[in-house]
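Before any comments, here is the structure.
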Amino acid sequence: MTSFPPAIFLMGPTTSGKTNVAVELAQRLPVELISVDSALVYRDMDIGTAKPDAATLAHAPHHLIDIIDPTEAYSAAAFRHDALRLMADITQRGRIPLLVGGTMLYFKALREGLSDLPQSDPVVRAALDAEIAQHGIKHLHKQLAMVDAETAARLKQTDTQRIQRAMEIYRITGQPMSALINKSLSRERGERSEEGAAGWGEGELPYRVIPIALVPSNRSVLHARIATRFSAMLELGLVDELRALREKYPLQPNMTSMRCVGYRQAWQFMEGEINEAQLLETGIAATRQLAKRQLTWLRSMPENIEVDCLTHNLEKIVLSELSRFVLR
């Protein structure tokens with residue numbers, strides 16, 4: 001692994017200070033920043049995604065920000081393809097890729113590769129849409145439990161997107177999604193084992209990954225940050241931003257972009273489904289749930305170098321940790 005070029009992964013939950021740390025590192029180290037955020041890819045979605053402002057991006061440019069319209073979809077596979085290309089280009093320029101963000105699925109896809117799951121089938125998807133409309137998503141979850149108990153057990157009964165996708169895969173292939181994923185992972189492990197000393201070590205990346213995880217020592221402080229940020233988003237005009245987006249693009253509430261935390265709640269407010277107080281309350285609650293999921297991902301990665309995101313001089317501490325790897 002020591003012969004591989006370094007790549008820095010700077011991960012953490014929302015409001016952990018990732019962007020500030022990354023911008024500071026960009027002034028101290030020969031790095032180029034790659035955003036690992038499934039919401040920052042969308043153009044014109046600035047307030048609700050806490051996108052770095054123009055001055056910050058001019059000072060410390062990020063790859064993979066503002067690359068698609070809100071009507072388009074962006075997947076983990078697309079991210080992996082783009083990130084690998086960018087990492088190779090950055091390394092060839094004699095610089096270090098610094099991947100920063102909180103979309104843990106993207107980090108996982110980059111490090112471990114992707115399973116060979118089938119592409120979406122419009123006919124099957126339409127049939128599932130009809131079933132959900134008639135019987136509800138919990139009914140489909142029960143069906144999933146009968147054919148793929150492993151996947152059903154890890155999905156909430158209200159997780160429409162993932163339940164539908166798992167059932168779609170089963171109906172297309174006749175096999176449970178969990179079995180296809182496990183088969184793919186077993187094959188990848190076997191291929192890496194056969195490669196031996198010439199293998200790629202960590203996942204399939206030909207890089208010496210330095211994973212820095214910004215985690216809070218006090219969860220309540222993180223929750224307070226989340227509440228402050230979401231309140232600020234509303235004051236900055238999140239609802240007005242969504243209104244402008246709906247005028248500019250033919251958006252629907254089930255689009256991936258509109259399922260982002262903040263925009264989903266603002267959409268409900270605009271439709272009269274919730275009031276202003278509920279918008280604030282549900283937005284904060286959804287963001288806290290997001291942070292919880294992000295921390296769960298991070299806690300499952302024992303190789304991470306954890307740094308308390310609430311500590312004083314966070315940027316200096318992260319730089320000190322990195323100096324043991326990058327600057328040696």
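The values are calculated or read from the model by the stated rules, or taken from the named source; none is laboratory data. Every value quoted in this text rests on a predicted model; they were computed, and no experiment measured them. As a convention, Cβ positions derive from the backbone with ideal geometry for all residues, glycine included, and neighbour counts pool all protein chains shown.
So, of the residues in the stretch 149-158 that are over 16 Å from E168 (Cβ atoms) and among the polar types (S, T, N, Q), which turns out to be surrounded by the fewest Cβ atoms within 10 Å (Cβ to Cβ)?
T158
For beta carbons closer than 8 Å, sequence separation of 6+ or different chains, a first residue in the stretch 120-139 that is closer than 10 Å to E168 by Cα and among the basic types (K, R) and a second that is part of a helix (DSSP H, G or I) and at pLDDT 90 or above, the qualifying pairs are R125/Q164; R125/E168.
Please go through the stretch 70-83 and give me each residue that is of a type outside the set (S, T, N, Q) and surrounded by fewer than 16 Cβ atoms within 10 Å (Cβ to Cβ), ordered by number. E72, A73, A77, H81, listed by residue number. Would you check which residues across the stretch 8-45 are out of contact with any strand residue (DSSP E or B) (no Cβ under 9 Å at 6 or more places or on another chain), among the charged types (D, E, K, R) and either surrounded by 18 or more Cβ atoms within 10 Å (Cβ to Cβ) or closer than 22 Å to Q92 by Cα (or both) and list them? Of everything in the stretch 8-45, just one residue is out of contact with any strand residue (DSSP E or B) (no Cβ under 9 Å at 6 or more places or on another chain), among the charged types (D, E, K, R) and either surrounded by 18 or more Cβ atoms within 10 Å (Cβ to Cβ) or closer than 22 Å to Q92 by Cα (or both), namely R28. Residues in the stretch 252-264 that are polar (S, T, N, Q) and assigned to a loop (DSSP other than H, G, I, E, B) were compared, and the one that is surrounded by the most Cβ atoms within 10 Å (Cβ to Cβ) is T256. A single member of L310, L295, L280 is surrounded by 15 or more Cβ atoms within 10 Å (Cβ to Cβ), part of a loop (DSSP other than H, G, I, E, B) and modelled with pLDDT of 95 or more, and it is L310.
Out of M177, M146, report the one residue that is at pLDDT below 90 and either outside the structural domain of M255 (by TED's automatic domain parsing) or exposed (fewer than 13 other Cβ atoms within 10 Å of the Cβ) (or both). Walk me through it before giving the result.
On the way: M146 fails: at pLDDT below 90.
Step by step, each of M177, M146 is checked, and only M177 is at pLDDT below 90 and either outside the structural domain of M255 (by TED's automatic domain parsing) or exposed (fewer than 13 other Cβ atoms within 10 Å of the Cβ) (or both).
If you take the residues in the stretch 217-242 that are in contact with a helix residue (DSSP H, G or I) (Cβ under 7 Å, 6 or more places away or on another chain) and without any contact (Cβ under 8 Å) to a residue 60 or more places away in the chain, which one is surrounded by the fewest Cβ atoms within 10 Å (Cβ to Cβ)? Let's see the steps before the verdict.
Going residue by residue through the stretch 217-242, those that are in contact with a helix residue (DSSP H, G or I) (Cβ under 7 Å, 6 or more places away or on another chain) are 222-223, 226-227, 230-231, 234, 238-239, 242.
Filter once more, so that each one left must be without any contact (Cβ under 8 Å) to a residue 60 or more places away in the chain: 227, 230-231, 234, 239.
Numbers: A227: 18, F230: 28, S231: 13, L234: 20, V239: 19.
Restricting to residues being in contact with a helix residue (DSSP H, G or I) (Cβ under 7 Å, 6 or more places away or on another chain) and without any contact (Cβ under 8 Å) to a residue 60 or more places away in the chain, the top hit is S231.
A search for C-beta distances below 8 Å between a residue of the stretch 85-111 that is surrounded by fewer than 18 Cβ atoms within 10 Å (Cβ to Cβ) and any residue that is of a type in the set (S, T, N, Q), counting only pairs 6+ apart in sequence or on different chains, returns L105/S38.
Matching residues to (1) touching a Pro at 6+ places or on another chain (Cβ under 7 Å); (2) more than 17 Å from C260 (Cβ to Cβ); (3) not polar (S, T, N, Q):
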position	(1), (2), (3)
A55	no, yes, yes
E72	no, no, yes
S75	no, no, no
H81	no, yes, yes
I90	yes, yes, yes
R95	yes, yes, yes
G101	no, no, yes
L105	no, no, yes
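Within the stretch 241-251, not a single residue is touching a Ser or Thr at 6+ places or on another chain (Cβ under 8 Å) and part of a helix (DSSP H, G or I). Report whether or not F269 is part of a helix (DSSP H, G or I) and either of a type in the set (K, R) or more than 23 Å from the chain's Cα centre (by Cα) (or both). For F269, the condition - part of a helix (DSSP H, G or I) and either of a type in the set (K, R) or more than 23 Å from the chain's Cα centre (by Cα) (or both) - is met.
Pairing each residue of the stretch 37-52 that is outside the structural domain of V21 (by TED's automatic domain parsing) and in contact (Cβ under 8 Å) with a residue 12 or more places away in the chain with any residue that is in a loop (DSSP other than H, G, I, E, B) and buried (at least 20 other Cβ atoms within 10 Å of the Cβ), provided the two are 6+ apart or on different chains, yields no C-beta distance under 8 Å. Restricting the stretch 91-138 to residues that are aliphatic (A, V, I, L, M) and in contact with a Phe, Trp or Tyr (Cβ under 7 Å, 6 or more places away or on another chain), which is nearest to F325 (Cα to Cα)? Per the criteria, the residue is L99. Within the stretch 159-178, residues that are small (G, A, S) have Cβ atoms under 8 Å from residues that are buried (at least 20 other Cβ atoms within 10 Å of the Cβ) in these pairs: A166/L144; A166/D148; A166/T151; A166/A152; A166/M177; S178/D148; S178/T151, counting only partners at least 6 apart in sequence or on another chain.
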